[in-house]
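The values are calculated or read from the model by the stated rules, or taken from the named source; none is laboratory data. These numbers were taken from a predicted model, which means no experiment stands behind them. Counting neighbours? That spans all protein chains shown, and the Cβs are built from the backbone with ideal geometry, glycine included. Surface accessibility is based on the protein's heavy atoms, side chains included, excluding ligands, DNA and RNA. Shrake-Rupley method; radii C 1.70, N 1.55, O 1.52, S 1.80 Å.
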Amino acid sequence: MSLLDVSDVRKYFPIKSGIFFQREVGRVHAVDGVSLSVEAGETLGVVGESGCGKSTLARCMTGLHEVTSGNITFDGDVRRDVQMVFQDPYGSLNPRRRIGSIIADPLVIHREGTPSSRRDRVRDLMALVGLNPEHYNRFPAEFSGGQRQRVGIARALALNPRLVVCDEPVSALDVSIQAQVVNLLKDLQAELGLTYVFIAHDLSVVRYVSDRVAVMYLGKIVEIAPGEELYERPRHPYTAALLSAASVADPDRPRDRVILRGDVPSPISPPSGCRFHPRCPKAQERCTVEEPRLMGDGHKWACHFPLEPGERLQSREVGE
Amino acid sequence: MSLTDAAFEAEPVHAEVVHGKGPWQLAWERLRRDKAAVISMVVIVLVALLAILAPLFALITGHDPLTQYPSTALTPEGLPVGPGADFWLGADSLGRDLFVRLAYGARISLLVGLSATFLATLFGVIVGLLAGYYGGWVDGVLARVLDVVLSFPYLLVAIVLVAAVGASVSLTIFVIAFFSFAAMARVVRGQTIGYREREFTEAVRSLGASPLRIMVIDVLPNLVAPVTVLASLLIPTSIVFEATLSFLGLGVDPRTPSWGAILADSTDFYRVAPGLLVFPAVLLLLTTLAFNLLGDGIRDALDPKR
Amino acid sequence: MWRFLIRRIVFGIVVLWLVATTVFLLFFAGPADNVARRLAGPRAPIEVVEQIKDTLGLDRPLFTQYLGFLGDLLRGDLGTSFISQTPVSTLILQSLPGTLWLVFGAAVLWMIMGVGGGVLSATKPRSLRDRTLTVLVLAGISLPTFVLGILMIYLALSVFPGTGLQPGPYISPFVDVGAFLSTMVMPWVCLAVVQAAVYVRLTRGSMLDTMGEDYIRTARAKGVPERGVVYRHGLRAALTPVITQFGVDVGTLLGGVVVTESVFGLQGIGQLMIRSVRDGDLPVIIGAAILAAAFIVIANILVDVTYSFLDPRVRLA
């Protein structure tokens with residue numbers, strides 16, 4: 001059995017209107033039928049543009065959101081063994097509380113240990129993530145963004161979790177700091193045998209940390225594969241477009257970028273058929289009516305006309 | 001203000017931050033450097049002393065605030081005597097000691113101002129937190145009711161209530177507390193809605209923290225600043241309102257020495273005894289100005305960016 | 001648009017109904033004898049109490065009385081004063097002109113002082129001018145209206161008796177303009193000073209917010225003169241909250257400028273209310289209170305509608 005099993009999970013947010021008697025006027029289909037599993041010890045990367053539902057998926061995994069339908073099964077206590085590292089190092093730490101109490105929160109809420117044993121644990125955790133343990137009495141405002149993210153990681157590790165869901169843990173940091181925090185996460189994984197779900201929109205960071213990578217578009221997983229495989233041989237046109245849009249430091253790589261046309265459609269009324277069809281260079285009649293299923297073994301994709309290995313995606317306008 | 005201004009102003013704060021001072025300590029230090037706020041605090045302490053020591057002043061002068069001393073306080077023509085050794089600030093038209101009455105009046109003003117603000121803050125914070133955190137239709141109705149309540153003037157409601165149940169100190173406190181409560185609850189509710197969605201509340205919620213713990217330990221400390229500022233501004237409003245009601249004869253019992261009632265008594269006599277008007281007016285003005293300045297100072301100290 | 005207006009009006013009627021019901025329950029709930037005694041006042045002889053009980057029909061079931069009360073209100077019948085035996089509506093109509101003149105005169109003054117002061121403050125933030133105005137505003141907010149009023153009367157009568165200004169009942173300008181002005185100037189200034197303080201603060205804050213917006217920077221960048229930036233672009237947008245506040249304030253004050261009228265002995269609605277409370281003249285209090293509530297509700301509806309015209313971002317869903 002996998003550590004975490006997500007099966008056909010949907011999360012819709014109602015849009016309400018009215019003052020006294022609110023009525024539902026629409027629904028945001030944030031996550032719309034996602035299935036995946038996370039094995040113990042691995043890192044699953046989830047990438048996608050902002051608004052694709054990856055943060056919502058993370059919040060469903062940690063129990064912050066009740067799912068609208070579908071199941072999430074976790075081998076353990078979700079409240080205890082699944083922890084989260086948040087995106088915003090400023091928003092995720094309470095500005096009016098001391099670092100020590102913030103890191104001790106999981107212990108206090110789960111009634112773990114005595115005040116003095118908790119203090120020791122907090123100091124150990126701070127040392128573990130590379131913070132000076134003597135600073136436990138300080139307030140978040142006294143730390144830099146990178147240090148704050150270390151505080152957030154220390155808090156996530158307090159209860160020795162089995163799964164850590166990292167929701168864009170470095171995207172709010174300076175590039176120079178990102179590497180430090182990513183390396184810290186990798187080191188901690190090696191040391192503590194952690195399992196990560198690592199969510200980001202930065203493909204290169206995900207590639208660096210992940211064993212497997214899932215690509216999300218408008219609430220659905222369009223492709224999921226082992227990291228190298230996905231980056232070298234993308235099958236879904238959206239994955240290929242994302243990859244070509246990312247600046248890759250590889251002089252041998254052909255530099256023709258596929259520019260996606262148009263905006264991401266509204267998740268309130270997603271397109272029919274394949275959700276990517278209005279922007280897809282390879283879209284045909286079938287894509288507008290029939291929704292593709294996630295197919296394959298190990299490397300899965302959801303596309304009626306996938307790219308063949310070696311085939312390069314071509315923009316319609318840019319064509320040769 | 002441009003961005004660079006903000007950056008320059010923020011700098012000294014960061015320099016101090018390195019020494020490990022908490023936000024409250026920093027705010028207190030900023031407040032202590034604010035001259036207007038310090039003077040205001042001194043004035044408030046003096047007024048508080050005047051109120052606390054009122055019986056002592058009555059003892060020293062030998063004048064009860066309610067007793068009339070026609071033989072010593074009124075001239076043979078029946079006019080009140082001016083300030084002097086016997087009557088420090090003079091006597092009022094009925095031959096009572098103005099200073100002793102003002103000292104006892106300070107008690108009423110502070111009692112009403114502080115107790116109404118305390119009640120309003122207590123209930124305003126509780127209701128605002130619950131409504132803001134839980135949301136839903138109860139919150140929607142409550143928000144609408146608070147809007148409607150706040151659209152009616154204090155005085156109109158006070159007049160109707162006084163007409164229905166009669167004037168008293170407790171009614172005065174109730175009316176002021178009720179309106180201040182509405183203002184407080186509205187502010188706390190809005191702030192709570194903002195904090196409910198912040199990542200640091202999500203962080204503890206994902207751990208399974210109870211709503212009570214989130215409201216008290218995670219949200220409440222962030223509300224201390226806006227609540228303190230609003231409360232410090234509600235105190236002078238309450239004092240002015242009590243004085244106004246008493247001036248109109250709708251507040252405390254007219255014989256009770258309240259600043260508003262003393263001023264109302266003075267209106268027929270200030271041509272012959274301007275002190276009857278000037279002393280209570282200055283005292284009232286100083287007190288409310290001090291509280292308002294202190295409130296502004298607290299706001300600046302807690303939020304140096306503005 | 002129409003749906004919005006109708007919903008707003010229905011909501012206003014509900015509020016008024018709730019006000020009327022609350023007032024009714026405040027005064028009429030309880031045993032008939034107690035109610036009659038309360039209405040008559042503690043010192044009234046027993047015959048008067050009995051008479052009140054009969055004329056108001058306090059023996060009837062509460063709900064019957066309530067229906068009668070609402071019916072009278074709907075017909076515009078506010079009852080008859082206990083004291084003067086004149087219809088309440090007559091008393092209110094007699095008092096209305098004083099309040100109207102006071103409010104509209106003062107409104108002109110406080111808008112000039114308030115918006116002017118706010119603009120002066122906001123165009124040079126943190127300057128000496130701004131600081132001075134801020135202190136003045138704080139003093140204005142700290143100064144209770146009635147203290148300002150009696151200080152003004154003291155100055156006018158004792159220190160500068162030559163001005164000819166004096167407190168006194170309202171005299172129609174169509175009867176005697178001189179007397180009208182000599183009684184109205186002080187109340188105008190008094191009310192305007194207290195209100196202006198709030199408006200300086202509001203205008204300053206709103207201006208500072210607006211002047212920080214991108215389109216103001218754009219206007220400056222494309223070379224619009226500073227004067228034009230401030231008045232054509234900045235002030236126009238900044239005035240929306242000021243106008244909202246203005247509408248609400250005027251509506252509230254029309255229901256009686258209690259303190260100012262009382263201090264200066266100007267016989268308007270506010271003073272009528274205070275006098276009625278002192279005399280225990282219940283029908284007048286009830287009538288005036290409901291009238292005041294109606295003014296407030298109407299002003300709020302007008303403000304909401306105006307606001308939606310001024311600010312196209314507010315959608316009338």
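Tabulated values for the structure
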item	result
Test: residue B:219 is crowded, with 20+ Cβ neighbours inside 10 Å, at pLDDT 90 or above and within 14 Å of chain A (Cβ to nearest Cβ)	yes
Restricting segment B:147-174 to residues that are more than 13 Å from every other protein chain (Cβ to nearest Cβ) and in a helix (DSSP H, G or I), the residue that is surrounded by the most Cβ atoms within 10 Å (Cβ to Cβ)	B:172
Selection within segment B:82-93 - open to solvent by 40 Å² or more (accessible area, probe 1.4 Å) and free of Cβ contacts under 8 Å to residues at least 60 places away in the same chain	B:85, B:86, B:88
Single residue of C:277, C:259, C:305, C:248 found to be under 30 Å from residue B:158 (Cα atoms), more than 14 Å from chain B (Cβ to nearest Cβ) and among the hydrophobic types (A, V, I, L, M, F, W, C)	C:305
Filtered residue count, segment B:240-275, keeping only those that are more than 9 Å from every other protein chain (Cβ to nearest Cβ) and modelled with pLDDT of 85 or more	8
Matching residues in segment C:78-97 - criterion: being under 21 Å from residue C:279 (Cα atoms) and assigned to a helix (DSSP H, G or I)	C:88, C:89, C:90, C:91, C:92, C:93, C:94, C:95, C:96
Test: residue in segment C:223-244 that is more than 10 Å from chain B (Cβ to nearest Cβ), in contact with a helix residue (DSSP H, G or I) (Cβ under 8 Å, 6 or more places away or on another chain), open to solvent by 20 Å² or more (accessible area, probe 1.4 Å) and closer than 30 Å to residue B:161 by Cβ	yes
Matching residues in segment B:293-306 - criterion: being surrounded by fewer than 22 Cβ atoms within 10 Å (Cβ to Cβ) and facing chain C (nearest Cβ under 9 Å)	B:296
Some residue of segment A:96-104 being farther than 17 Å from residue A:147 by Cβ, out of contact with any strand residue (DSSP E or B) (no Cβ under 6 Å at 6 or more places or on another chain), of a type in the set (D, E, K, R) and facing chain B (nearest Cβ under 9 Å)	yes
Some residue of segment B:126-135 being more than 14 Å from chain C (Cβ to nearest Cβ), under 21 Å from the mean Cα position of the chain (by Cα) and closer than 30 Å to residue B:273 by Cα	no
Subset tally (residues that are more than 31 Å from the chain's Cα centre (by Cα) and closer than 15 Å to residue B:128 by Cβ) for segment B:193-218	1
Test: residue in segment B:94-117 that is in contact with an Asp or Glu (Cβ under 6 Å, 6 or more places away or on another chain), touching a residue at least 24 places away in the same chain (Cβ under 8 Å) and among the aliphatic types (A, V, I, L, M)	yes
Matching entry among C:175, C:119, C:198, C:137 (being of a type outside the set (S, T, N, Q), open to solvent by 20 Å² or more (accessible area, probe 1.4 Å) and part of a helix (DSSP H, G or I))	C:198
Filtered residue count, segment A:31-47, keeping only those that are under 27 Å from residue A:187 (Cα atoms) and either modelled with pLDDT under 90 or of a type in the set (Ser, Thr, Tyr) (or both)	2
Within segment A:99-205, helices (runs of 4 or more DSSP H) holding 1 or more residues that are closer than 30 Å to residue A:238 by Cβ, open to solvent by 60 Å² or more (accessible area, probe 1.4 Å) and of a type in the set (A, V, I, L, M, F, W, C)	A:175-192
2 or more residues surrounded by 16 or more Cβ atoms within 10 Å (Cβ to Cβ) and among the aromatic types (Phe, Trp, Tyr): qualifying helices (runs of 4 or more DSSP H) within segment C:1-77	C:2-28, C:62-74
Residue check for residue A:264: in contact with a Ser or Thr (Cβ under 7 Å, 6 or more places away or on another chain) and either surrounded by 21 or more Cβ atoms within 10 Å (Cβ to Cβ) or at pLDDT below 90 (or both)	no
